[in-house]
Amino acid sequence: MIAALALFVLGLLAMVAEGAAASFLPAAFCPDFALLLVIAMALDLGGGSALLASAALGYAADVLSGAPLGQHALLHVLAFGATSAANRSLELRTPLAQATLAGVLTLLNGLLLSLIASLLGAALVVDLRFALQLILQAALSCVLAPLVCALVEAVASRTREEEAPRRSVPLPSGRRPI
Amino acid sequence: MRDLLYRIRVPLLFVALVGLTATTMLADRRSLPAGAKDLPLLSGALLDVAVPLQAALSAPFDFVRGLFRRYVALTDLRTENEQLRSRVAQLEEENLQYREALIASERLERIDKMRGEIDLPMLPAEVASRELSPWYRSLLIDRGRANQVHAGMPALTEDGVVGLVTAASPHAARVMLLLDRQSAVDAMVQRSRARGIVRGLGAEELEFEFTAGSGDVEIGDTVITSGLGGVYPKGLRIGEIASLTAEGSHLQQRAKLRPAVDFGRLEELFVVLWRSPTLELLSGDLESPAPAASSGSGPGS
């Protein structure tokens, strides 16, 4: 819970920094840190609190980007679900696997974003420029995903250590477990 | 049942969140056509926190970007400055050429006017060198006897009298300037017709010596050749009265004369291919007369 909350705050700060960087960097070179955090949380933390944090990050992204409230949140929840599902059947602990997963999900995220936007009335623009931008962003996600995963893992292990003394430790009762 | 719900709590939460997000998205979309709306408290608070944070984070980047832009602008400015300097130099050069052409055109006009006024054959000549001795004021020209230039022929420019050819070789000639101490020209004031003699002083000024009773002389009067000296044709401009001096007897008075010709800038002149009959008689034995001279008379004698 604390880890999810800490990562949510981290994600918020990352989004704010991203917004600042977007003023001087081309859109293709602005990595989607929130999405990477969602993927990393799904891989490392799992559970309801991480899912809630992902949705909350999505809502925050909607507020900050001006998208319809819930659009990013929905995609983040779906990304969390897809990552969790993939994590059950695939070995995603290696950096290469994390990078591949992040790249694929970034591509899907971009496509779904424009698809949902078009369903909500915006013009669907899928051209070469859009494709190039998406591919660049996916490549950037591939590079950054292992780092973000490592960061999330570090935060998670730190919070686990802090939480550990407060957890109830089962005392040996001398009875055999049933 | 409770254990089951606990076990599927995450998938349930997932489904609930998907539903919630989709609902809020659609609701948010539906509310748009109704017009602008205020953000909910939480979203508003998030924006209120994010905007100053973003501004603070952007500030260093904006600063760097501003510096970069200024640097680029300065670089552009430097390049533009160099281009403009080059352009200015080119235009100055063109301007110089135009001015030269204008000056040449004006000069040609004056020459044409002079040629129209003086009905005598003339030969253009270039000044080859000047006399280096301070005692004599003369120069060498690139025309000589081969060009029908002989001693005794007047030399002038469109501005006025330059002097007299005093010696001629086959391809060069020496011209004694009006400024030379040996030079003396019979002259008169154009306005009052007061007659006198213009003498060289060896300096940049001339002296006009005139008889007191011959007419009045004022500063600024133009002095021209009288044609009576037997050397220069009549009516050639010599200079202007610059000052009147009180020296001299009551009969003879003197005035300083500013030459019409700028001798310091003399590059070209015209030799009048004409010699007065007096000079013809004096030098007839020494030199063969010029064809122009043998053909007839000039306006003066």
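Taking the mean number of other Cβ atoms within 10 Å as a proxy for protection, how do you rank B:46-58, A:99-111, A:77-89, B:68-80 from highest to lowest? If you can, show how the numbers build up before the last one.
Values: B:46-58: 15.3, A:99-111: 20.7, A:77-89: 18.9, B:68-80: 10.5.
My ranking of the peptides, most packed first, is A:99-111, A:77-89, B:46-58, B:68-80.
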Seminar exercise, completed: By the C-alpha gyration tensor axes a ≥ b ≥ c (rounded if a/c is under 1.5, else prolate when a/b exceeds b/c, else oblate), the shape of segment B:52-117 is prolate
Exercise. Check residue B:260: other-chain or 5+ apart residues with amide H under 5 Å from its amide H, H built from backbone geometry?
Worked result: B:239, B:240
For this session: Note down the relative contact order for segment B:90-142 as a percent, whole number, built from C-alpha pairs under 8 angstrom at least six residues apart.
Result: 22 percent
Exercise. Residue B:82: accessible area at probe 1.4 Å, nearest 10 Å²?
Worked result: 110 Å²
For this session: Hey, can you grab everything whose amide H is under 5 Å from the amide H of residue B:244? Only 5+ residues off in sequence or another chain; H modelled, so Pro and N-termini drop out.
Result: B:256
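What is the mean number of Cβ atoms from other protein chains located within 10 Å of the Cβ atom of each residue in peptide B:10-19, rounded to a whole number? Don't skip to the answer; put the middle values down first.
Working: counts 9, 3, 1, 7, 9, 2, 3, 15, 6, 2.
What the average comes to for B:10-19 is 6.
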Exercise. If you take the charge dipole of the protein assembly as shown about its Cα centre, with +1 on Lys and Arg Cβ and -1 on Asp and Glu Cβ, which of B:46, B:26, B:228 is farthest toward its positive end?
Worked result: B:26
Exercise. Residue separation times 0.36 nm, minus the C-alpha to C-alpha distance between residue B:93 and residue B:79: what's the value?
Worked result: 2.9 nm
Exercise. So for B:6, B:136, what's the accessible-area order with a 1.4 Å probe, most first?
Worked result: B:6, B:136
Exercise. Where nothing but the Cβ of Lys and Arg (+1) and of Asp and Glu (-1) is charged, how large is the charge dipole of segment B:52-117 around its Cα centre, in debye to the nearest 20?
Worked result: 280 debye
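Per the Cauchy relation, a quarter of the hull surface: what is the mean projected area of the convex hull of the alpha carbons in segment A:2-164, in nm²?
Dividing the Cα hull surface by four gives the mean projection, 9.2 nm².
Which of rounded, prolate or oblate describes segment B:81-232 when judged by the alpha-carbon gyration tensor and an a/c cut-off of 1.5? Could the numbers behind the result be given before it?
Values: a/c = 2.08, a/b = 1.55, b/c = 1.34.
Prolate is the answer for segment B:81-232, as a/c is 1.5 or above and a/b outweighs b/c.
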For this session: Towards the positive end of the charge dipole of the protein assembly as shown, with charges on Cβ (+1 Lys, Arg; -1 Asp, Glu), say which of A:139, A:81, B:261 has the farthest Cα.
Result: A:81
Exercise. Using a simple spin-label model with points 7 Å from Cα along the Cα→Cβ vector, what separation in nm is obtained for residue A:91 and residue B:22?
Worked result: 3.6 nm
For this session: Report the label-to-label distance for residue A:129 and residue B:251 in nanometres (one decimal), using points 7 Å from each Cα along the Cα→Cβ vector.
Result: 10.6 nm
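What does the structure give for A:78-85 when I average, per residue, the other chain Cβ atoms found within 10 Å of the residue Cβ? Display every interim value, and only then the final one.
Working: counts 4, 0, 3, 6, 0, 0, 3, 0.
Mean shielding by partner chains, rounded to a whole number: 2.
Between residue B:278 and residue B:119, what's the calculated FRET efficiency when r is the beta-carbon distance and R0 is 22 Å? Round to 0.05.
After rounding, the FRET efficiency stands at 0.65.
Enter the mean number of other protein chain beta carbons within 10 Å of the beta carbon of each residue in B:49-59, as an integer. List each step's numbers first, then the result.
Working: counts 2, 9, 3, 1, 7, 10, 3, 2, 8, 8, 1.
Mean shielding count: 5.
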Exercise. Per residue, what volume in Å³ does the convex hull of the Cα atoms of the protein assembly as shown enclose?
Worked result: 370 Å³
Problem set entry | Residue-averaged 222 nm ellipticity for chain A, from DSSP H runs of 4+ at -39500 (n - 2.57), nearest 500 | -25500 deg cm²/dmol
Exercise. Looking at B:114, B:198, B:166, which one has the Cα that reaches farthest to the positive end of the dipole of segment B:85-218 (charges on Cβ: Lys, Arg +1; Asp, Glu -1)?
Worked result: B:166
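The values are calculated or read from the model by the stated rules, or taken from the named source; none is laboratory data. Bear in mind that the values here come from a model prediction, so they are computed numbers and not experimental data. Neighbour counts run over all protein chains shown; Cβ positions are idealised from the backbone, glycine included. Note: accessible area is taken over every heavy atom of the protein model, side chains too, but ligands, DNA and RNA are not part of it. Shrake-Rupley method; radii C 1.70, N 1.55, O 1.52, S 1.80 Å.
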